[in-house]
Amino acid sequence: MQKLKQLLKKKLNLRNDFIVTFFNGLATVFGVFIISGIIARNFGLDELGEFLLIRRIITTSVGIVLIGSNITLPSIFPRNQDTSYIIISLILFFFLSIPIILIISFLLNGFISSSSSFLSYALYMLGFSIVTLAYSLYRAQINILGANILQLFSLTLVSLISVLIATTIQNLFILMGIFMIGLGSLSFYLGIRKINFNKINQLKILNFFYFGLIRTPGIFFQFFLIAGIPIISISYLSLVNQAYLNVGISLVRIFLIIVGPLGIILLPRISRRLFPFL
């Protein structure tokens, strides 16, 4: 456990951070296509369409679910290394994000005709949100290697293992959700530094919340840009056609792995350099 903690906290230089993030992005993209192929072969194109549709909605809505905490933590923490913001992110997660997860899961269960259920959606969204929050914690501490290890194990490898042992799409979402909840929670715990609870106050909580809240409209429009077409097409496209649509969108998004790593590794560094002790 100690060696794992040391590995997760190991820091690299800017060039190596970019290389690690780039190749991890490649692994994630190819992992999605491999998993999609396994689902199509084992369960059929209908189930693949369901999986890709639900996955796209949940993964692109995580910024809304977290009220922008995945941006706030890597932006605010590097400025003054105040560990109280880590606990504040957890406070907002338990009191705001979890209710939002339940609401979105209920809406998905009611408006999408599929073989999955409210429980499977809720577990998958909860797991993905926890992993995203833990990923943001490592980014905030500029532990980009740890962030990429977390993403590789909790998303790519977990998805591959789950799809090999699941018997239905519903079971697949449940397995992935449980694995992500476990790995994400453990990674977050290992990434926490010594916390001074006396530094937590109402003003900091409000500032953290406001910083993320004012960015939520932009996150929402980004969500609609990526997931809007699949959502709008639910009423007149079959799940098979949804599969082709979402695979096509994924192919287009491959180009993001070229510029995506820049934002991941530069945001905390810029915040630390330009806004120290703010």
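Rule-based calculations on the coordinates, nothing more; no lab input. Every value quoted in this text rests on a predicted model; they were computed, and no experiment measured them. With ideal geometry, Cβ positions are generated from the backbone for all residues, glycine too; neighbour counts draw on all protein chains shown.
In the chain, taking the dipole from charged Cβ atoms about the Cα centre, the farthest positive-side position among ILE178, SER89, THR132 is held by SER89. Across the chain, the mean sequence separation of Cα contacts (distance under 8 Å, 6 or more residues apart), normalised by length, yields a relative contact order of 36 percent.
Among the lysines of the chain, pairs at least eight places apart or on separate chains and with Cα atoms under 22 Å apart come to 7.
At what distance in angstrom do the alpha carbon centres of region 130-153 and region 76-105 lie from each other? Measuring centre to centre over Cα atoms gives 15 Å.
With 0.36 nm allotted per residue and the present C-alpha distance subtracted, the ASN109-ILE161 stretch has 16.2 nm of extension available. With contacts taken as Cα pairs under 8 Å and at least 6 residues apart, region 41-163 reaches a relative contact order of 29 percent. Sorting the segments 204-217, 77-90, 50-63 by their residues' average number of neighbouring beta-carbon atoms within 10 angstrom, most packed first, yields 50-63, 77-90, 204-217. Each stretch of four or more DSSP H residues adds -39500 (n - 2.57); spread over every residue of the chain, this sum gives -25000 deg cm²/dmol at 222 nm.
Under 15 Å from a label point set 7 Å out along the Cα-to-Cβ vector of ASN198, the amide N atoms of region 82-96 belong to 83-84.
The long axis of helix 256-274 is offset from the longest Cα principal axis of the chain by roughly 20 degrees.
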